[in-house]
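Working notes for the structure below.
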Amino acid sequence: MTSILIIYTGGTIGMINDPVKGDLVPFDFRQIRQNVPELGRLDYNLEVYSFDPILDSSNMTPDIWAQIAVLIRDSYGSYDGFVILHGSDTMAFTASALSFMLENLGKPVVLTGSQLPIGEIRTDAKENLITALEIAATKKPDGQPMVPEVCVYFDYQLLRGNRSIKYNSEKFEAFRSPNYPLLAEAGVTLSFFNNYILPQPKHELIVHLDYDPNIGVLKLYPGISELAVRAVTSSTVTAIVMETFGSGNTSTADWFINCLQEAIDAGKVIVDITQCQRGSVELGMYQTSRRLKEIGIVSGYDMTFEAATTKLMYLMGQQLNKSEVVRLMATELRGELTT
Ligand code: ASP
């Protein structure tokens with residue numbers, strides 16, 4: 001029988017109405033079968049691991065990503081797939097981080113949640129949960145898992161985890177994958193788009209638990225002051241994600257380029273990603289990004305902010321020299337970027 005481990009971290013999905021007080025309270029997900037009797041019709045062995053205390057995902061931390069990764073590592077041999085129930089607010093960060101932490105992942109890790117609590121009549125939680133379980137359980141005719149990667153399932157769509165962003169806080173369609181096609185779509189049937197799904201890895205799972213959270217973010221806007229730029233470039237962070245204009249462009253002012261140059265000379269890695277939701281950084285395409293290339297700014301190509309920050313934390317946490325971090329940041333590791 002197919003076995004799935006449900007890892008419940010928290011979020012809106014796990015709320016029900018307290019019949020006495022009338023407010024929304026988290027329910028004990030270990031009793032999930034009582035609250036979602038439809039699960040009994042799935043012919044799977046389901047086990048639930050619940051975090052204690054459960055979290056609103058705004059309180060998610062890299063330490064908790066590591067706890068989730070350890071849970072998957074320690075039970076990897078006992079389950080066919082994993083479904084992580086998570087608040088939607090930072091789900092794309094957790095999905096991105098886990099994709100880097102779980103190298104050579106050969107089983108589905110599907111994150112889902114909901115916009116309305118599971119106890120509400122119009123809830124999207126039941127559909128999201130039940131289909132996420134089906135996706136985690138689906139095998140190819142040769143017995144291999146259909147989706148051996150970290151992904152996000154929400155509102156009938158399966159997205160690659162490290163390509164997903166939370167795009168809407170009100171609609172059931174809370175997530176999008178602006179630069180990568182869907183992995184699957186749930187309609188009358190579950191349609192998997194195999195050409196876009198990562199292949200089964202050839203090697204054993206390696207779980208990386210080390211990360212360096214000491215990274216900074218520099219989001220540019222016209223008129224940004226030298227003081228504001230220096231607050232990041234001269235700070236004690238070890239690496240910076242710089243959100244730039246269009247295809248990776250920035251001001252060409254000498255003071256601005258000097259700030260970046262000084263940070264690089266001090267050993268910092270600076271990764272350029274675009275503020276545009278779609279499209280990619282192309283260093284050197286315009287004069288406004290040529291200098292960036294010359295001084296050693298790294299192209300983040302079409303990575304999401306979530307993927308860029310978590311990948312940088314992951315790489316900076318490995319015992320790598322700076323040139324390796326620079327090389328790997330601009331290299332596709334888990335399907336997170338297109339060069
Ligand atoms: N604030 C909630 C969370 O991210 C929202 C949700 O679950 O959708 O934990």
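The values are calculated or read from the model by the stated rules, or taken from the named source; none is laboratory data. What you see is a predicted model; the values in this text were computed from it and never measured. All Cβ positions, even for glycine, are placed from backbone atoms using ideal geometry, and neighbour counts span all protein chains on display.
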Worksheet entry | Number of the exception - ARG122 against (1) at pLDDT 95 or above; (2) within 16 Å of the ligand (Cβ to nearest atom) | (1)
Practice prompt. Look through TYR49, TYR79, TYR44 and report the one residue that is free of Cβ contacts under 8 Å to residues at least 60 places away in the same chain and among the hydroxyl-bearing types (Ser, Thr, Tyr).
Written response: TYR49
Worksheet item: Of all residues in the range 92-132, which are assigned to a loop (DSSP other than H, G, I, E, B) and under 21 Å from MET313 (Cα atoms)?
Response: ASN104, LEU105
Practice prompt. Output the residue which, of all residues in the range 16-36 that are part of a strand (DSSP E or B) and among the β-branched types (Val, Ile, Thr), is surrounded by the most Cβ atoms within 10 Å (Cβ to Cβ).
Written response: ILE16
Worksheet item: Which of the residues belonging to the range 49-62 are surrounded by 15 or more Cβ atoms within 10 Å (Cβ to Cβ) and part of a strand (DSSP E or B)?
Response: TYR49, SER50, PHE51, ILE54, LEU55
Discussion item. Can you tell me which condition ILE13 does not meet? The list is (1) loosely packed, with under 14 Cβ neighbours inside 10 Å; (2) within 13 Å of the ligand (Cβ to nearest atom); (3) β-branched (Val, Ile, Thr), and all the others hold.
Written reply: (1)
Item to complete: Consider only pairs whose beta carbons are under 6 Å apart and that are at least six residues apart or on different chains; among these, list those whose first residue lies in the range 52-75 and is within 25 Å of LEU105 (Cα to Cα) and whose second residue is more than 12 Å from the ligand (Cβ to nearest atom) and part of a helix (DSSP H, G or I).
Response: TRP65/ALA97; ALA69/MET101
Worksheet entry | Flag for GLU173 being of a type in the set (D, E, K, R) and over 30 Å from ASN17 (Cβ atoms) | no
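For (1) closer than 18 Å to PRO108 by Cα; (2) small (Gly, Ala, Ser); (3) buried (at least 24 other Cβ atoms within 10 Å of the Cβ), each residue gets a yes or a no:
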{"residue": "PRO141", "(1), (2), (3)": "yes, no, no"}
{"residue": "CYS151", "(1), (2), (3)": "yes, no, yes"}
{"residue": "TYR156", "(1), (2), (3)": "yes, no, no"}
{"residue": "ARG160", "(1), (2), (3)": "yes, no, yes"}
{"residue": "ARG163", "(1), (2), (3)": "yes, no, yes"}
{"residue": "TYR167", "(1), (2), (3)": "no, no, no"}
{"residue": "ALA174", "(1), (2), (3)": "no, yes, yes"}
{"residue": "ASN179", "(1), (2), (3)": "no, no, no"}
Discussion item. Quick check on ARG163: is it at pLDDT 95 or above and either of a type in the set (D, E, K, R) or more than 16 Å from the ligand (Cβ to nearest atom) (or both)?
Written reply: yes
Discussion item. For the range 76-89, check the following and say yes or no: at least one residue is assigned to a helix (DSSP H, G or I) and under 28 Å from TYR167 (Cα atoms).
Written reply: no
Worksheet item: Taking the range 316-339 as the search range and keeping residues that are in contact (Cβ under 8 Å) with a residue 24 or more places away in the chain and not in a loop (DSSP other than H, G, I, E, B), which one is surrounded by the fewest Cβ atoms within 10 Å (Cβ to Cβ)?
Response: LYS322
Discussion item. Every residue in the range 25-41 that is within 16 Å of the ligand (Cβ to nearest atom) and in contact (Cβ under 8 Å) with a residue 40 or more places away in the chain, please.
Written reply: PHE27, PHE29
Discussion item. Checking the conditions here, which among LEU71, LEU46, LEU39 is aliphatic (A, V, I, L, M) and part of a strand (DSSP E or B)?
Written reply: LEU46
Worksheet item: If we keep just the residues of the range 83-108 that are more than 13 Å from VAL207 (Cβ to Cβ) and either more than 16 Å from the ligand (Cβ to nearest atom) or of a type in the set (Asp, Glu) (or both), which is nearest to the chain's Cα centre (by Cα)?
Response: ASP89
Item to complete: Check the range 199-211 and report whether any residue there is more than 16 Å from the ligand (Cβ to nearest atom), of a type in the set (Val, Ile, Thr) and under 30 Å from CYS259 (Cα atoms).
Response: no
